[in-house]
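What follows is one structure encoded as structure tokens, with my remarks underneath.
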Amino acid sequence: MSADVTDDLLARASDLDAHSPLSGSRQRFALPEGVIYLDGNSLGALPRTVGPALARVVEHEWGERLIRSWNEADWWGAQTRVGDRIGRLVGAAAGQVVVTDSTSVNLFKAIVGAARLRRGRRVVLTDPASFPTDLYLAEAAARVEGLEVRRVSPADAPRAIAELGPDLAVAAYSSVDYATGELWDLAGITSAAHDVGALACWDLCHAAGAVDVQLDEGGADVAVGCGYKYLNGGPGAPSFIYVAARHQDAFDQPLTGWFGHARPFEMARDFVPAPGIDRVRVGTPPMLSVLALEAALEAFDGLSMSDVRTQSVSLTSTFLEALTALDLDLTVATPAAAERRGSQVSLRHPDAFAVVQALIARGVIGDYREPDIVRLGFAPLYVTHLDAVTAARHVREVLDGREHERPEFAARHAVT
């Protein structure tokens, strides 16, 4: 690639950064110098608000006020308060999202609860290429309810849904494919499920905070998502679960813990579900993590999800353009059409793991997914267009220099 092309791409990237409606949002994060962080789709960067917020909680709310903070600092209401804040990012009106448990636990609750709303139907439909926990939990939920799981690609879901008709209970899909980054048609698949009287459950882990998800507008019935990817809530941040208001009174979730009781401090012997979204709470939440997530969500203050999505598309488009200009001989697993992309670009290479390690050694942090995926996430709030072009150049240099063939980059740790 000539210097002229390099200079042109870098100049246009700088101009896009300068005129982006998100141009100041990067300063809301504590990012290390010399790092291009393209793994926010696994663990988001640290928002600057989190440290001071946790210090206040630890030193004052816990350290000084002790158990009184359940009332004084409204720890009790934090799960729904933070849930409503996430709801605004995923197109859900207030009272339909609560922060609780992990994604896996919430997915189990969501599928079982949705299936119980459609008793007498026998099939759960899901994607064979889903993130493994989605497959495991769909099977677990099906065992509990005596259902059959059928695995059908989202591309073929409308046809399969129509064929199953009254046999279908729940169509459970991810909004964005975790490996390829393909964005699926939430509204279309949901509508197809509703046409046969079934419900739709959505995993938003790779969408919330980067894609302009419209749960209410799209007619979704239930949905789950994690707090530690594009929402930047920190490692192990709690998950969230959405139950559409029209289903809440009849939603019979399987994990009936005391935090989901209508009157938990009466210490009743029998379970009575709380009204509304609170019934999907289970046990005492990890308050430090819930409140860290609340502080992290301040990074979205003043930003519209429409602008966030525009930035996401622009970043991935810029990266793909740079790959083309660099004449890289790589298969791009992510769709070229912007409307079919989430907020990542996945590249295929036979030595993908080693390529990722070589990039990390250069300060470009992405991750690897089996069997051959170099996965690069473009978190719209802190990744820049300049990062996108520079990262593409690093990919070219790694491959040209055969850096990925160095033996140290073949060594695998527990987490890849």
*Which one of these does Gly302 not meet: (1) farther than 27 Å from Asn71 by Cα; (2) touching a residue at least 12 places away in the same chain (Cβ under 8 Å)?*
(2)
*Residues of region 331-371 that turn out to be touching a residue at least 24 places away in the same chain (Cβ under 8 Å), more than 10 Å from Ala179 (Cα to Cα) and part of a loop (DSSP other than H, G, I, E, B), as a count*: 8
*Pairs, please: C-beta under 7 Å, at least 6 apart or cross-chain, first residue under 18 Å from Val282 (Cα atoms) and of a type in the set (Val, Ile, Thr) and in region 107-121, second open to solvent by 10 Å² or more (accessible area, probe 1.4 Å) and in a helix (DSSP H, G or I)?*
Ile111/Leu137; Val112/Val144; Val112/Glu145
*Taking region 158-178 only, how many residues are buried (at least 21 other Cβ atoms within 10 Å of the Cβ) and outside any strand (DSSP E or B)?*
4
*Filtering region 109-133 down to residues that are assigned to a helix (DSSP H, G or I) and farther than 24 Å from Asp195 by Cα, which residue is least open to solvent (accessible area, probe 1.4 Å)?*
Thr133
*Taking the residues in region 47-79 that are in a loop (DSSP other than H, G, I, E, B) and buried (at least 19 other Cβ atoms within 10 Å of the Cβ) as candidates, determine which candidate is farthest from the chain's Cα centre (by Cα).*
Trp75
*(1) crowded, with 23+ Cβ neighbours inside 10 Å; (2) out of contact with any Gly (no Cβ under 6 Å at 6 or more places or on another chain): which one isn't true of Val99, the others all being true?*
(2)
*Could you say whether any residue in region 397-409 is under 30 Å from Leu22 (Cβ atoms) and either under 26 Å from the mean Cα position of the chain (by Cα) or open to solvent by 10 Å² or more (accessible area, probe 1.4 Å) (or both)?*
yes
_Can you list residue pairs whose Cβ atoms sit under 7 Å apart, with the first residue in region 49-60 being closer than 13 Å to Trp75 by Cβ and the second being open to solvent by 40 Å² or more (accessible area, probe 1.4 Å) and not β-branched (Val, Ile, Thr)? Count only pairs 6 or more apart in sequence or on different chains._
Val57/Leu288
_Every residue in region 217-231 that is within 15 Å of Gly83 (Cα to Cα) and among the acidic types (Asp, Glu), please._
none
*Taking the condition part of a helix (DSSP H, G or I) and among the aliphatic types (A, V, I, L, M), does Leu43 pass?*
no
*Looking at Arg375, is it in contact (Cβ under 8 Å) with a residue 12 or more places away in the chain and open to solvent by 70 Å² or more (accessible area, probe 1.4 Å)?*
no
*With the checklist (1) touching a Ser or Thr at 6+ places or on another chain (Cβ under 7 Å); (2) touching a residue at least 40 places away in the same chain (Cβ under 8 Å); (3) assigned to a helix (DSSP H, G or I) in hand, flag the one item Ala138 doesn't pass.*
(2)
*When you go through Ala361, Ala336 one by one, which is the residue that is modelled with pLDDT of 95 or more and over 24 Å from Ala30 (Cβ atoms)?*
Ala336
_Could you go through region 210-217 and let me know if any residue there is assigned to a strand (DSSP E or B) and either charged (D, E, K, R) or open to solvent by less than 10 Å² (accessible area, probe 1.4 Å) (or both)._
no
*Go through (1) under 19 Å from the mean Cα position of the chain (by Cα); (2) crowded, with 23+ Cβ neighbours inside 10 Å one by one and return the number of the condition Leu199 breaks.*
(1)
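Looking at region 80-90, which of its residues are part of a helix (DSSP H, G or I) and among the β-branched types (Val, Ile, Thr)?
Thr80, Val82, Ile86
The values are calculated or read from the model by the stated rules, or taken from the named source; none is laboratory data. Fair warning: this is a prediction, and the values are worked out from it, not measured in the lab. Please note: Cβ atoms are built from the backbone with ideal geometry, for glycine as well, and neighbour counts cover all protein chains shown. Please note that ligands, DNA and RNA were not included when accessible areas were found on the heavy atoms of the full protein model with its side chains. Shrake-Rupley method; radii C 1.70, N 1.55, O 1.52, S 1.80 Å.
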